[in-house]
1. Once you order the gyration tensor axes a ≥ b ≥ c over the Cα atoms, which shape class does segment 19-149 get: rounded for a/c under 1.5, otherwise prolate or oblate by comparing a/b with b/c?
2. Taking every alpha carbon pair in the chain, what does the distance histogram look like in 5 angstrom bins from 0, in percent?
3. With a point put 7 Å past each Cα toward its Cβ, work out how far residue 96 is from residue 274 in nm, to one decimal.
């Protein structure tokens with residue numbers, strides 16, 4: 001029912017007034033893709049807002065629907081990778097908290113949505129990326145090669161003078177890791193997605209970001225199968241935001257004017273990939 005409701009929302013875009021923008025958190029500046037709320041009575045679409053990123057979380061799948069964050073030069077520093085994977089105590093009381101050990105023995109990585117290397121100014125910032133509410137079961141070659149190459153490219157864009165708005169997520173059921181096909185892990189508590197996706201909005205560093213995004217702004221959309229035999233070249237999986245929205249039921253760039261959304265979400269990026 002949630003997916004049907006989300007699909008209805010994603011498909012009901014009309015030429016109304018420009019949507020209200022939440023300017024209180026840069027990580028949500030371009031919208032809340034699923035309309036997630038911080039209400040324990042919304043277990044399959046629960047909003048977690050952290051200084052480092054925002055999450056639309058599905059308790060019943062034990063993983064994010066999406067994670068959204070802003071990435072600029074001030075987010076990149078010299079803090080070491082903390083590697084302190086742990087359960088997230090910010091989840092409502094009584095909810096199952098996925099543990100690092102829940103991924104053991106299934107052939108899937110604890111795949112970051114918001115990458116560790118995107119938060120390296122302080123140890124606390126880096127540590128926040130290791131909460132299990134930021135993880136999805138990801139085939140090792142997808143996580144370490146294809147996804148890793150895309151993450152590296154995003155930071156290259158930032159070092160070249162850009163700032164990025166990134167939304168990442170997964171959908172579907174069933175992936176193939178290093179030990180074969182699985183639909184769930186952790187005794188059914190964590191769903192293995194069939195696809196992992198990412199949308200990257202690229203802007204020259206500046207201010208008033210929503211107003212600076214136009215129909216000419218570069219938007220990179222990538223959708224990869226969650227299996228261990230995919231290409232390491234993330235450019236092989238370029239797609240449109242519209243296609244990701246249709247598959248996932250989300251409304252990914254909802255804070256942008258519809259006239260801009262209609263252009264940038266329908267376009268496959270043709271820019272460099274390294």
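1. oblate
2. Taking every Cα pair in the chain, the percentages come to 1, 6, 13, 18, 21, 19, 13, 7, 2, 0, 0.
3. With each label placed 7 Å out from Cα toward Cβ, I get 4.1 nm.
Each reported figure results from applying straightforward, stated rules to the coordinates on display, with no laboratory input. Predicted, not measured: the structure shown is a model, and the values here were computed from it. When we count neighbours, we look across all protein chains shown, and the Cβ atoms used for this are built from the backbone with ideal geometry, even at glycine.
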